[in-house]
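The values are calculated or read from the model by the stated rules, or taken from the named source; none is laboratory data. Remember, predicted model here, so these are calculated numbers, not experimental data. Because the Cβ atoms are built from the backbone with ideal geometry, glycine has one as well, and the counts that use them run over all protein chains shown.
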Amino acid sequence: LRGWLCKATFFSMASILSIASAVLIIVALSTQQWVTGSILCKTGAELVNASDPEMNKFIGEIYYGLFEGRKIRQCGLGRRQTKIYMFPNLVRKLNGALHVFIILFLFITITFALVSFGFCVYNARKIPYQSIKGPAGIYLWNLIAGNFVSFIAALKLHRLTERIANFNEHIFQFVALEEHYGFSFWLCVASTATHGVNFLVVAITGIHFPKMQKKQPEEPTVTGEDLLY
């Protein structure tokens, strides 16, 4: 009974980690802070031959996600904000297939995380009797989901910020000075870490816990002296 209770507890923890991973990906999909950076209005700076102290007047900001973002441009005439929409036009100027694959992989990751959640709940209530429904099945689903997230986390965005900043710009040219992964990207990294912890939790369920044994009462021994009485 003690061993089953420990395994049920760990499977319950694994189910919580699985649903947490799905929630992290959903939040990452719905936010716009995948990449943040600063952009220089190169054309404006060259027109006035701006020196270092004046460069701040030509440095703007940009941030974007998988679906939309925002660009704050400064070309010597003050701050101008522009909304960025990835679909349907901008994505054609980028690597559209890769962009769509990233979104697809994220949705598949959510699906496998939910499947892992279902198997963890099942194993928390029942003793596993089939490999796909037992610990091996949970290892499988977490491995697939973790690989999808790791693939996304390993992507390198080559000059993507500059291409987005210069979209529909016919006069000014922008150069990316800095670009950093935003908190939306790190949510995916956190989801990957959640899958890693899930592996450890499920691995613990494979440990054979010692069973509690009841102490048997000692039977009285009858000696020859007792028979005399």
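Key figures for this structure:
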| read-out | value |
| --- | --- |
| Single unsatisfied condition, LEU114 versus (1) at pLDDT 80 or above; (2) more than 16 Å from ILE16 (Cβ to Cβ) | (2) |
| Matching option when the condition is modelled with pLDDT under 75, charged (D, E, K, R) and exposed (fewer than 14 other Cβ atoms within 10 Å of the Cβ), among LYS133, LYS126 | LYS126 |
| Considering residues of the stretch 15-42 that are touching a strand residue (DSSP E or B) at 6+ places or on another chain (Cβ under 8 Å) and not in a strand (DSSP E or B) only, the residue nearest to ARG80 (Cα to Cα) | LYS42 |
| ARG79 vs. criteria over 14 Å from LEU160 (Cα atoms) and touching a residue at least 60 places away in the same chain (Cβ under 8 Å) | no |
| Looking only at the stretch 48-64, and only at residues there that are over 19 Å from LEU160 (Cα atoms) and touching a Cys at 6+ places or on another chain (Cβ under 9 Å), the one that is surrounded by the fewest Cβ atoms within 10 Å (Cβ to Cβ) | LYS57 |
| Selection from the stretch 65-82 of residues that are loosely packed, with under 13 Cβ neighbours inside 10 Å, under 35 Å from the mean Cα position of the chain (by Cα) and over 15 Å from GLY37 (Cα atoms) | ARG79, ARG80 |
| Members of the stretch 15-44 found to be over 9 Å from the mean Cα position of the chain (by Cα), surrounded by 21 or more Cβ atoms within 10 Å (Cβ to Cβ) and among the hydroxyl-bearing types (Ser, Thr, Tyr), listed by number | SER15, SER18 |
| Residue that is farthest from the chain's Cα centre (by Cα) [pool: residues in the stretch 176-189 that are surrounded by fewer than 18 Cβ atoms within 10 Å (Cβ to Cβ) and in a helix (DSSP H, G or I)] | PHE183 |
| Qualifying positions in the stretch 90-115 - in contact with a Phe, Trp or Tyr (Cβ under 8 Å, 6 or more places away or on another chain) and not hydrophobic (A, V, I, L, M, F, W, C) | LYS93, THR109 |
| Hits in the stretch 66-117 (condition: among the basic types (Lys, Arg) and in a helix (DSSP H, G or I)) | ARG92, LYS93 |
| Residue that is modelled with pLDDT under 80 and aliphatic (A, V, I, L, M), where the choices are LEU155, LEU187 | LEU155 |
